[in-house]
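What follows is one structure encoded as structure tokens, with my remarks underneath.
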Ligand code: COA
């Protein structure tokens, strides 16, 4: 199974494990992660959630083959897709979520970090949101949260040009808490998650709700607006050219558009 889950010492771990495809996320993997988040929320013995990947790669984002063959629905249907259900479960998780970014975090690999509470990045990590280069648009409220975190100009570099961030830039921009040596990032993130064993869970839950509260409606409204456009763009000739170029290992040619 490409998603491994385990609960140990109050921490529910969700490990993305599809190294042969750089941890690209399929519909089945979103489903498994959604189930794990819902189970963690319901389990009183779980005090925090840890999301992690494999050495050298956190996730290369949505499986591009799935994008071509099983794109999320359009319009209101897109809100019921596996990826949307996963992001909703992440947003609705009332326990602290800690991410250990073990390597490349591309597309939704970076977008999901915007909705985690703590993010630790390996010194080998690279983050990028190359949606426009793929003929797509920002997703899951990144068009709202990224400019808030780093201002419009730097957000334009990341979201329009798709420029990657170094681990240090991720910290400087407010996406990550700290950079750790590659061999230590998972253990460090786990130790942070385990600290919630010593804190009162009711107060943690209500404090997390307060931290997110003022933005919650705006985030959902933005996700809906982005989702409409994203679903349409996934079926666009520009996106098809970008996806085919990826699999043919060539540069896309957008000159005819
Ligand atoms: N979807 C589907 N397959 C993917 C994938 C993705 N998002 N990312 C990587 N793969 C596959 C490659 O096609 C390749 O498969 P193959 O061995 O059958 O040819 C395999 O994983 C290894 O990837 P490769 O690109 O050769 O590894 P790399 O170390 O040179 O580069 C990345 C790693 C993550 C930088 C690179 O794979 C990449 O840029 N992936 C696409 C990321 C992307 O655009 N995601 C955004 C989606 S919105």
*asked:* I'd like the orientation of helix 201-234 relative to the chain: the angle between its Cα long axis and the longest Cα principal axis, in ° from 0 to 90, rounded to 10.
replied: 10
*Put a dot 7 Å past each Cα toward the Cβ at residue 94 and residue 80; how far apart are the dots in nm?*
2.7
_the chain, helix-only ellipticity at 222 nm - DSSP H runs n ≥ 4, -39,500 (n - 2.57), divided by all residues, nearest 500_ = -14500 deg cm²/dmol
*Hey, fewest Cβ within 10 Å first, where do 95, 251 land in order?*
251, 95
_Folded to 0 to 90 degrees: helix 185-194 orientation relative to the chain principal axis, Cα_ = 50
*Quick one, can you get me the convex hull of the C-alpha atoms of the range 3-181 expressed as volume per residue in Å³?*
109
*Compute the relative contact order of the chain as a whole-number percentage, counting only Cα pairs closer than 8 Å that sit 6 or more residues apart in sequence.*
20
*How many percent of all Cα-Cα pairs in the range 23-114 sit more than 16 Å apart?*
56
*Contour minus end-to-end for residue 38 and residue 199, with contour as 0.36 nm per residue of separation and end-to-end as the Cα-Cα distance?*
55.8 nm
*Among 205, 153, 233, 47, what is the fewest-to-most ranking by other Cβ atoms within 10 Å?*
153, 205, 233, 47
*Proxy reagent accessibility, fewest Cβ within 10 Å first, across 68, 150, 1, 33*: 1, 68, 150, 33
_I need the calculated FRET efficiency for the pair residue 9 and residue 248, taking r as the beta carbon distance and R₀ as 41 Å, to the nearest 0.05._
0.30
*Restricting to the range 81-227, what percent of DSSP beta bridges are antiparallel, rounded to 5?*
10
*Share of antiparallel DSSP beta bridges in the range 3-181, in percent to the nearest 5?*
25
*If you take every DSSP beta bridge whose two residues both sit in the range 42-129, what share of them, in percent to the nearest 5, is antiparallel?*
5
*Hey, how many Å between the Cα centroid of the range 85-127 and the Cα centroid of the range 149-208?*
8
*Determine, from the Cβ-Cβ distance of residue 207 and residue 232 and an R0 of 35 Å, the FRET efficiency 1/(1 + (r/R0)^6), rounded to the nearest 0.05.*
0.35
*Quick one: angle between helix 237-247 and the longest Cα principal axis of the chain, in degrees between 0 and 90, rounded to 10, please.*
70
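None of the figures in this text is laboratory data; all of them are computed from the coordinates on show. If you're wondering where the values come from, they're calculated on a predicted model, not measured in any experiment. Cβ atoms come from the backbone with ideal geometry, glycine included; neighbour counts cover every protein chain shown.
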